[in-house]
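*Asks:* Questions regarding the structure given below will be posed in turn.
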Amino acid sequence: MEPLSALSLVAAVIQFVDFGGNLLSESHQIYKSASGASSENAVLEDIYGNLSRLADKMKVSSGLTAQNSSKEEEALGKLATSCKDMADDLMVTIEELKVKGDTHRKWKSFRSALKTVGKKSYIEELRRRLDNFSLQLTVQLAAIIRDQQSQVLGDISSLTQESRRMQTDHKNELEKITETLTSTRQSIGFTENANLSQTQTAKLAAALCMAALAATDMATEHKILKSLYFKTLTARQTKIVKAHEETFDWILKHSSTSFSSKSKSKRSEVRFVDWLRSDSGIYWISGKPGSGKSTLMKYLSDNPKVEENLRVWAGDIKLVIASFYFWNAGNSMQKSQEGLLQSLIFEVLRKCPSLIKSVCPDRWDSTERNTIYDTSWNLPELAQVMTNLISQTSMPVKFCFFIDGLDEYEGDHHEVIRVLDVINSNSNIKICLSSRPWNVFEDAFGQDPTRKLYMQDLTRGDIEIYVRSKLENHRAFRLRVSDQEDYQNLVVRTVNKSDGVFLWVFLVVRSLLEGLTNEDSIRTLEARLDSLPADLEDYFGHILEKVDMVYRRDMARTFQETLQATEPLTLIMHSYLDESDAHHALRMDGAPMDNYDMYTRTSQMRRRINGRCKGLLEPCFDPSLTTFWGHKVEFLHRTVRDYLLTKDMQSMLEKYMGTEGSSFSANKSLCRGYLALVKCMPRGEDQRSLLRLQIENLLYHARQAEKQTEMSDRELLDNLEWTIEDWDPPNSYPPLPLKIFQQRSASNTLVSDLYASVSVFQLAVAYGLDIYVAEKLSDVQSFGPALGYALHTHFTPVHGDLDNNSMVQLLLTRSCGSDSSNYKHYFLTNPSNAYCNTVWGDWLMGAAKDHTAAAENRQQSAHRLQTLQILLHYGAQPNITNSVGSSTLWKELLKYVDSRGRLSAEESTYLYQILDALITHGADPDVEIKNENAYYANTTLQTATAKFPKRLNDALLSRARQSKETARRKPDLDRGSWNLRISWPQCCGHRKRNSVVLRY
């Protein structure tokens, strides 16, 4: 059996036998009459759902290969199959009860319900089968536990190793499970033919039941934690330099502690320890760029004294500390709400795994049933989990979050402030934040002087410690300092000139140390200090002016490529960007790079970058990655990146590049670099996710290059397709890139005929390469479900929700969405999500379900509503029926809106605009959907929108009345507030627009 399958199987069978026994007992009440809160059918649905979940588990487990299983484990698999058959029988019987049930009769139990429909003999048969299953289970478990090589025991060992690797708080649970299994094995003995007494049998069943269920829950917890983890989760924190010895100690001194006279006036006002020990709420650390905010945040989040003070606040309650470091030079997860929430949730649940089941109920259910195909998280799901987490009451726990670099958040800063305010609303949570002293943060966090500090006002003593320590560690300084007072004054002058900016001090000390190595006199050292600008940006300019003329062109190229990259580039990537032949990547053969070439390229590029960039770009190594991927190049500090992006510096870099400057495209250069990486990267199953990332990075930069140059790079994209077709060994299945770009519909269902459909063309559609796609469409007219890629129902780009409306309109104009049979061919009909028959239905329901994220992001909301208008203009039908004619898209949408709870004003407005557009285009405003549960009213437009603010509800009902009086009309793409004028590449032409009916 596969890892953990044995334990999963044991747990599923035990759960079923226990559930079935309770179900058939007279004491299992199924009718609640006191409040009328539940009817027979409602409770029967609940029983049916439980049976369905158990059947799913046993189907998954028993369907596994028995190639490496023992005879006992194979027998256990057969037992699971028998249990599943019984569960299926019971579900059929429940369907009969739902049809024949009398809503005026009160059933005392499920057993009595069966009797009312003539199932008395059937009950006895079920009881007999359950008793037999229970006996077989005990016998098989006894045999399995005697076998020291049993997969069950191996599963426990695997869980233990995985728990250690993930550093989860499972130590006590694992010890109990191991101890229980060990003592049970000893009690039943190791003789194969030993007879078990009734007491031993009961003890064995109880022990293994406990172990199996606990271990299976633990395995589910691990799966969910793995889905929350992302590779760059701790990357920024790891790269922040550790605080110099003895610096920042002042912040952890109590307000009553005496300070030296130099710092007494400012440092004595800091109440950080008071905040740690008492109140909840937010503490704000602010400061100039380069003043050491991130270094201080790392110092605090890792400091045991911080936890010691927080313990005073937490008392006997469990304390959890978690941190997140925004980084605008990193990938999207390092500068977004998704990254913030996913990181904090991961850290909290890793330390409190018992909370996972209650705060992630939907994810738990789908993971446990093995019905989740896409393990990635979206913002609405993360927001809901965070809401569940801060409002949970099942475990007493207090949280302290350290969140660094709010100014590096990519998005509306008011929005991230709002999110933090929501998290901070719980008295069991406190948050320490850091950012630059921007007005938006000053207004939000700077009103209480006891809960903020400004770094540049407090670090003079730390800077003096750092400067003195660094200089005194140099042999030349130590030899001279004892008899020359001028050397001591050099330290004081450096500190005075720094104005509290640690980064400036770091650069100046580096220059002074270079002078000491050259045996500079004190006069020369002072002249060196005087020549260095006091302003940080001026200092950067001073450094660049000293770059040799022969290096400046290459320096400018390297800076521009690094600025445009979505994440830090590897040294190997830089080595390909440095090739003199611009077509080198196109001419390369596809083969993994050998160790010699890897060493040569990384060594050469490290020295080249150090020579041409003078320390503003720094090669570094991430020990958690392999040699190929671990050697990265990053900016010395965010302020360097900000400086290079200024208008003056962009002009200067263009000037350094000479005649190539105005025509140079860093994005086009990066495309070739990523193509080279795809060709030379290591092969293997563990490299597939990295391969996908390189391909998506290439496509992202190809989109940017198209926008910049108004030309496609068809040669490169065609070369990419040939490369990835040859990436896997011959006869592998499924071939690449198909396996790494598996599609999912909005209902999270794997798309049918998956392996026949994915191509670079369709990925180019998803990434909005309008010009390339238009050129390809001119050659070939059929490319499968291209519209699904444009709408991102088939595939979601890793670089976010790209505005792809020009691509949607291009495809509809060229009639790529007209063949409805193709779309049905590429979608599975999911009974629980009947709208998922077409691209149109899948997109509309996905857009509606994403109302929380869309409402919080105005740009995304406007983009979605614009897409809706384009689809409706080209003939999308709101009232079209599904494939079996049982419902319509409009009905499914109304049912969804009706099922929502309380909505924010923004969410209501967003959903109102969707409904209004559909009514304008013919959606039936008088439709009434019968509710299967007689205790609930039928769904209508009025009931669905009753939760909207009155003005929106009235406006929508007024629109509905108007729609009855006027014929359906198509909106002009340029009319009204939709602003649908879309810029088209000239090569797309101006063909006559066809009315394309997207059949539901």
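*Asks:* Does Pro449 count as surrounded by 15 or more Cβ atoms within 10 Å (Cβ to Cβ), farther than 15 Å from Phe324 by Cα and more than 23 Å from the chain's Cα centre (by Cα)?
*Replies:* For Pro449, the condition - surrounded by 15 or more Cβ atoms within 10 Å (Cβ to Cβ), farther than 15 Å from Phe324 by Cα and more than 23 Å from the chain's Cα centre (by Cα) - is not met.
*Asks:* Quick one: in region 705-717, which of the residues that are part of a helix (DSSP H, G or I) and open to solvent by 30 Å² or more (accessible area, probe 1.4 Å) is nearest to Tyr767 (Cα to Cα)?
*Replies:* My answer is Lys707.
*Asks:* A follow-up question, please. Only one of Val505, Val547 is in a helix (DSSP H, G or I), hydrophobic (A, V, I, L, M, F, W, C) and under 48 Å from the mean Cα position of the chain (by Cα). Can you tell me which?
*Replies:* Checking each option against the conditions leaves just Val505.
*Asks:* Looking only at region 516-549, filter to residues that are of a type in the set (A, V, I, L, M, F, W, C) and free of Cβ contacts under 8 Å to residues at least 24 places away in the same chain; which one of those is nearest to Glu618 (Cα to Cα)?
*Replies:* So the residue we want is Met549.
*Asks:* Can you tell me which residues in region 634-648 are farther than 18 Å from Cys620 by Cα, among the hydrophobic types (A, V, I, L, M, F, W, C) and buried (at least 17 other Cβ atoms within 10 Å of the Cβ)?
*Replies:* Leu644, the sole residue that qualifies.
*Asks:* Considering only region 529-544, state which residues are in a helix (DSSP H, G or I), over 43 Å from the mean Cα position of the chain (by Cα) and surrounded by 12 or more Cβ atoms within 10 Å (Cβ to Cβ).
*Replies:* Residue satisfying the conditions is Leu529 alone.
*Asks:* Output yes when any residue across region 249-259 is at pLDDT 85 or above, in contact with a strand residue (DSSP E or B) (Cβ under 7 Å, 6 or more places away or on another chain) and closer than 19 Å to Glu307 by Cβ, and no when none is.
*Replies:* no
*Asks:* Taking region 315-349 on its own, how many of its residues are hydrophobic (A, V, I, L, M, F, W, C) and under 19 Å from Gly405 (Cα atoms)?
*Replies:* 11
*Asks:* Of all residues in region 467-512, count the ones that are closer than 26 Å to His637 by Cα, surrounded by fewer than 16 Cβ atoms within 10 Å (Cβ to Cβ) and either touching a Pro at 6+ places or on another chain (Cβ under 9 Å) or of a type in the set (A, V, I, L, M) (or both).
*Replies:* Qualifying residue count for the region: 1.
*Asks:* Would you check if there is a residue in region 550-562 being open to solvent by 10 Å² or more (accessible area, probe 1.4 Å), free of Cβ contacts under 8 Å to residues at least 40 places away in the same chain and not polar (S, T, N, Q)?
*Replies:* Within region 550-562, one or more residues are open to solvent by 10 Å² or more (accessible area, probe 1.4 Å), free of Cβ contacts under 8 Å to residues at least 40 places away in the same chain and not polar (S, T, N, Q).
*Asks:* Looking only at residues that are among the hydrophobic types (A, V, I, L, M, F, W, C) and touching a residue at least 40 places away in the same chain (Cβ under 8 Å) in region 890-910, which one is nearest to Leu952 (Cα to Cα)?
*Replies:* Ala905
*Asks:* Follow-up question, since we're still on this one. Quick check on my filter: what residues within region 269-299 are of a type in the set (A, V, I, L, M, F, W, C) and modelled with pLDDT of 90 or more?
*Replies:* Answer for region 269-299, where residues must be of a type in the set (A, V, I, L, M, F, W, C) and modelled with pLDDT of 90 or more: Phe272, Val273, Trp275, Leu276, Ile282, Trp284, Ile285, Leu296, Met297.
*Asks:* State yes or no: is Met86 within 22 Å of Ser52 (Cβ to Cβ), in contact with a Ser or Thr (Cβ under 8 Å, 6 or more places away or on another chain) and either at pLDDT 70 or above or surrounded by fewer than 15 Cβ atoms within 10 Å (Cβ to Cβ) (or both)?
*Replies:* It is false that Met86 is within 22 Å of Ser52 (Cβ to Cβ), in contact with a Ser or Thr (Cβ under 8 Å, 6 or more places away or on another chain) and either at pLDDT 70 or above or surrounded by fewer than 15 Cβ atoms within 10 Å (Cβ to Cβ) (or both).
*Asks:* For region 671-693, give me the residue count where each residue is more than 18 Å from Asp718 (Cβ to Cβ), small (Gly, Ala, Ser) and touching a residue at least 12 places away in the same chain (Cβ under 8 Å).
*Replies:* Adding up the residues that qualify gives 1.
*Asks:* Let me ask another. Taking the condition open to solvent by less than 50 Å² (accessible area, probe 1.4 Å) and in contact (Cβ under 8 Å) with a residue 40 or more places away in the chain, does Glu464 pass?
*Replies:* Criteria not met by Glu464.
*Asks:* Something else about it: Quick check, is Glu685 open to solvent by 30 Å² or more (accessible area, probe 1.4 Å), farther than 17 Å from Leu586 by Cα and in contact with a helix residue (DSSP H, G or I) (Cβ under 8 Å, 6 or more places away or on another chain)?
*Replies:* No; evaluated as a whole, the condition is false for this residue.
*Asks:* Given the structure, is Glu660 charged (D, E, K, R), farther than 29 Å from Thr626 by Cα and crowded, with 21+ Cβ neighbours inside 10 Å?
*Replies:* No; evaluated as a whole, the condition is false for this residue.
*Asks:* Within region 310-329, count every residue that is under 20 Å from Ile285 (Cβ atoms) and either crowded, with 19+ Cβ neighbours inside 10 Å or among the aliphatic types (A, V, I, L, M) (or both).
*Replies:* Selection size over region 310-329: 8.
*Asks:* Of everything in region 436-446 that's part of a helix (DSSP H, G or I) and closer than 18 Å to Trp275 by Cα, which residue is least open to solvent (accessible area, probe 1.4 Å)?
*Replies:* Once the filter is applied, the top-ranked residue is Phe445.
*Asks:* I would also like to ask the following. Can you find a residue in region 117-125 that is open to solvent by 50 Å² or more (accessible area, probe 1.4 Å), assigned to a helix (DSSP H, G or I) and at pLDDT 75 or above?
*Replies:* Within region 117-125 (the criterion being open to solvent by 50 Å² or more (accessible area, probe 1.4 Å), assigned to a helix (DSSP H, G or I) and at pLDDT 75 or above), the answer is yes, since at least one residue qualifies.
*Asks:* Would you mind telling me which numbered condition in (1) of a type in the set (A, V, I, L, M, F, W, C); (2) open to solvent by 50 Å² or more (accessible area, probe 1.4 Å); (3) modelled with pLDDT of 85 or more Leu911 fails?
*Replies:* (2)
The values are calculated or read from the model by the stated rules, or taken from the named source; none is laboratory data. No experiment lies behind these values; they were computed from the predicted model shown. All Cβ positions, glycine included, derive from the backbone under ideal geometry; neighbour counts span all protein chains shown. Accessible surface areas use protein heavy atoms only, side chains included; no ligands, DNA or RNA. Shrake-Rupley method; radii C 1.70, N 1.55, O 1.52, S 1.80 Å.
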